Every structure is written in C-alpha cells, then in structure tokens.
Amino acid sequence: MHNDKLAAALALAARGLRVFPLPPNGRRPSAEWKGWPETATKDPEKIRAWWEGTDQNIGVVTTGWLVIDLDMKNDMNGVAAWLELHGGFDTFMVRTPSGGYHLYYFGADVAGSASELGDGIDVRSHNNYAVGPGSVVDGRAYEVVADEPFAPAPPEIVARCKLPGQRAENAAVPLVDWDTEAGIAAAIARVRDTRAAVRGEQSNRAYEIACAVRDYAVSEAKACEILQEWADRCSPPILPDDMAHRVANAYATAQNRPGVLHPMVLFGGYAHVPQPTPQEVHADQAARSRLRLISTAECANAPPLGYVIKNMVAPGQVGCIFGQPGAGKSVIAPHLAYAVAQGRRAFGQRTKKGVVFYVAAEDQNGMQRRVSALLKRHGDEPDFHLVGEMSALVTGNDEVSPDMARLLQLAEEYRPSLIVVDTLAASISGLDENAAKDMNKRGGSGNSDSPMSGFAA
C-alpha cells in the first residue's frame with residue numbers, strides 16, 4: 001500500500017501536478033503541512049522522501065488547474081447536473097469514495113466555489129487542492145477511471161466562474177447553518193494550529209484567520225470568542241476590541257460564501273443550499289456572456305488585420321516553427337526576424353518594419369554567428385536585438401522567472417513588433433514539446449515530434 005501511494009504521487013507529478021502529503025486516512029492537511037501551497041512539488045526526489053515507507057494520502061494543488069468535483073450524496077446528483085451543463089466527460093477522471101468524480105482540466109485559475117455551477121458541482125482551482133487518486137479514506141480509494149490526457153478547461157465553464165479575489169454576489173449567504181457544532185469544532189482546530197503573529201504582520205494575519213473562521217460558517221460574535229485565544233498568543237497580544245474590529249472588517253469584505261470549508265460542504269453535502277430558479281440562472285449566464293450581435297455595417301467597416309509578415313504573421317498572433325532536428329528552424333527564424341527589423345521582404349513576402357527581440361535560449365554563441373552573417377549580407381540593423389544570458393522564462397511551477405520579468409520590462413520600453421523564442425523547451429522549465437497539453441497550455445499548437453521555436457507578434 002505504501003509503495004502504491006508513492007507510485008501514485010510520482011505519476012501525478014509526472015503529469016505536471018504539484019503534490020503534498022495528507023494524513024493517512026485523511027483529507028485535510030496536518031499542521032505540519034499548513035504551507036502546502038508553497039511546499040507542494042513535482043520533484044520526484046522530494047516525493048520519494050515524503051512518501052517512502054509511509055501511508056500518507058495525496059493532496060493535489062489545483063492552482064492553475066480546474067478540478068470539477070461532482071458530488072453523489074445527500075440527494076445530490078452532480079453527474080446529472082454536469083451532463084446537463086457540459087454534456088459529457090472528456091478528460092482525466094477520478095472516482096471518489098462517495099461515488100462522485102473529480103474531473104481534471106488544465107489552463108484555468110479561478111475562484112473555488114461550492115455548487116454555484118449546479119447542484120452537486122464544486123470547483124477547486126486557485127489556492128485550493130483536491131485529494132488525489134491513490135488516496136484511501138475509511139477503506140475506500142480515490143481511483144482513476146478514465147486515464148485520459150488532461151483536457152483544456154472548457155471556456156463556457158471558466159466564463160461562469162469568478163476570478164480569484166472577486167467577491168461573490170451572494171457572499172453573505174451561508175452555505176450551511178451558522179454555528180453548527182461541526183463548523184465550530186473545525187474552526188477551533190484551525191485557530192489552534194495557526195501560528196501566532198508578531199508585530200508588523202498582525203493586521204494581515206488577523207484578517208486571514210478571521211476569513212478562515214468565517215469559511216466554517218461561524219458567526220461574527222462566535223468568531224471573536226474563538227479568535228481571542230489566537231490573539232492572546234500574538235506578540236504583542238491583540239486586545240479584544242482591536243480583534244473585534246478586525247473580525248468585523250473580515251466578515252464585511254470576505255470573498256467566499258460562509259461555509260465553503262465546513263465539513264458538510266467539503267465531504268458530506270449541504271445542510272441548506274439555496275438554489276436559484278431557472279430564470280435566475282439564465283439571467284446570470286446572460287450577464288456573464290460577451291456575446292453580441294455584429295451588423296453587416298460593422299463588418300464592412302472593420303479595420304484590416306494588418307501584418308508583420310504578409311500571409312504568415314499578423315499582429316497579436318502567437319505560433320511556432322517546428323520540424324525535424326537539422327531541418328533549419330534556427331536558420332529560418334533569425335532570417336525572418338532580421339527581415340522584419342529591416343522592413344524588407346522575406347521569402348518573397350512583404351514585412352512591416354518594427355523592433356524585434358530574438359531570445360537565444362538554446363545556443364547563444366551559435367545564434368550570434370548567424371546574426372553576424374545576416375549583418376554582413378544585409379547590413380546593420382539597430383531594431384534587431386538578440387536576447388542572451390537567459391536561464392528560463394517560466395519556472396517548473398509555472399511562475400514568471402526574473403528573466404521573464406526583465407523581458408517584459410524591455411518589451412514595455414521598446415514595444416517590439418515580433419518576439420522569437422528559440423527554442424521553447426530551453427526557455428520554459430519542464431515543457432514537453434511532444435505533449436499536446438503542454439503546448440496548448442503555453443500557447444503553442446499541435447502535436448509535434450520535433451523541437452520548436454515560438455513567436456509572438
């Protein structure tokens with residue numbers, strides 16, 4: 001069993017998911033792992049160290065992903081609601097111990113929600129986690145039932161979700177009854193495991209822990225009572241009046257509906273879930289839509305798309321050049337880029353002159369020699385800039401690197417018409433150019449058996 005969980009954690013990491021340990025037979029992080037959003041990893045060595053010889057369950061970080069949790073309990077039928085909403089199951093799929101399912105999609109980072117998409121449909125995404133396949137609770141396992149590639153997040157589903165940090169319209173309406181025994185017990189445990197704050201961080205930490213207590217559907221008055229234990233541990237201690245003021249602020253501005261962390265919501269169904277009428281659902285959908293009618297007159301007066309390279313690259317486009325090793329990608333790409341910088345024809349096609357950044361991520365010395373040859377043939381061009389000494393644009397955790405931050409600064413300053421990244425694999429840590437999910441996520445296209453160079457106009 002121990003080896004099975006280790007293998008499951010490694011398999012999830014190999015698919016690009018960050019994982020962290022959950023207690024054996026448990027669904028919630030222990031106090032040791034309260035920092036899971038930052039600690040979780042895809043590193044096989046760390047994963048082996050964490051799971052080797054243990055019976056720990058597996059937490060999967062869902063930031064940057066969309067995990068749809070379909071509940072099948074307490075008269076809820078999340079499967080039926082999802083089929084009505086989306087029409088099918090088209091991605092990696094895990095059966096949960098309750099008989100429900102987790103559907104994994106990539107390429108979205110939205111606010112988590114409970115049953116806002118439909119009865120029995122929960123959303124796990126930004127700063128959240130899911131219990132991963134291979135985990136076992138009360139003798140029942142989370143099992144992969146559709147070992148499919150991760151599909152991109154459905155745009156129509158993403159459009160119905162809130163953005164991280166966006167306060168829900170019904171943020172004051174609780175998902176469960178206020179001050180239930182289970183909610184209070186969970187809140188007390190959360191407060192007990194929360195590190196005390198020192199001077200300089202007390203305002204932010206008090207706000208965060210007060211919002212967390214509210215997420216268990218604990219009333220404001222009861223929250224003040226529970227949180228005073230934490231306030232007394234702080235250095236210096238936070239006085240009751242000050243703590244009450246901070247609790248009031250959190251309860252007035254918190255983004256989630258009260259009860260999103262309540263055990264009944266997470267694992268046992270809802271005590272009370274106000275359901276909107278079909279008319280309200282349709283009105284909400286319409287309000288979220290960007291759909292509009294475009295007249296023939298607007299079509300006739302639409303401005304021309306323009307071009308960076310005629311018949312090849314238009315402004316605002318992202319694409320890639322791919323081919324077999326040795327096919328000449330790193331010869332063609334700088335030739336095209338240099339032509340744009342000079343505003344001359346390239347392979348018989350007109351170009352529109354503009355500033356060009358050429359990111360030499362793989363072979364800077366070799367690219368310098370190619371640019372030197374272009375200079376001798378076509379003359380000097382101050383609008384062409386070779387970007388060198390780059391380590392990575394995106395880290396293995398899909399975070400912007402210092403190099404990317406600097407490149408964005410330079411782009412704001414120079415306003416390039418074309419940016420070429422050669423190659424994608426060398427510039428993005430952990431990118432698998434042969435994997436459709438990675439290429440779609442990064443803005444590329446297609447399945448390729450060959451290295452790629454990317455461009456953005």
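Tabulated data
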| quantity | calculated |
| --- | --- |
| Calculated P(r) of the range 1-149 - Cα pairs past 19 Å, % | 50 percent |
| Estimated inter-spin distance, residue 294 and residue 173, nm [label 7 Å along Cα→Cβ] | 3.6 nm |
| 22 Å Cα-Cα threshold exceeded, pairs from 329/376; 310/376; 310/353; 5/73 | 310/376; 5/73 |
| Theoretical FRET efficiency, 1/(1+(r/R0)^6), r = Cβ-Cβ of residue 350 and residue 119, R0 51 Å, to 0.05 | 0.35 |
| Spatial separation of Cα centroids for the range 328-354 and the range 105-144, in angstrom | 47 Å |
| Contour minus Cα-Cα distance for residue 375 and residue 14 (0.36 nm per residue) | 125.6 nm |
| Between the range 168-202 and the range 24-65, the alpha-carbon center distance in angstrom | 23 Å |
| Derived scalar couplings ³J(HN,Hα) [the range 350-358; Karplus, 6.51 cos²θ - 1.76 cosθ + 1.60; whole Hz; x for Gly, Pro] | 5, 10, 9, 4, x, 5, 10, 9, 10 |
| Amide H contacts of residue 98 (H built 1.01 Å from N, under 5 Å, at least 5 apart or other chain) | none |
| Chain lengthening between residue 368 and residue 225 when straightened (0.36 nm per residue, less Cα-Cα) | 44.8 nm |
| Virtual spin-label span in nm between residue 156 and residue 248, 7 Å along Cα→Cβ | 4.7 nm |
| Förster radius 51 Å - calculated FRET efficiency between residue 413 and residue 138 (Cβ-Cβ, nearest 0.05) | 0.30 |
| Phi to ³J(HN,Hα) by Karplus 6.51 cos²θ - 1.76 cosθ + 1.60 over the range 21-34, Hz, x for Gly, Pro | x, 10, x, x, 6, x, 10, 10, x, 6, 4, 4, 10, 5 |
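Coordinate-derived values only; no laboratory data. In this text, all values refer to a predicted model and were calculated from it rather than measured experimentally. A quick note on method: Cβ atoms are made from the backbone with ideal geometry, for glycine too, and the neighbour counts reach across all protein chains shown.
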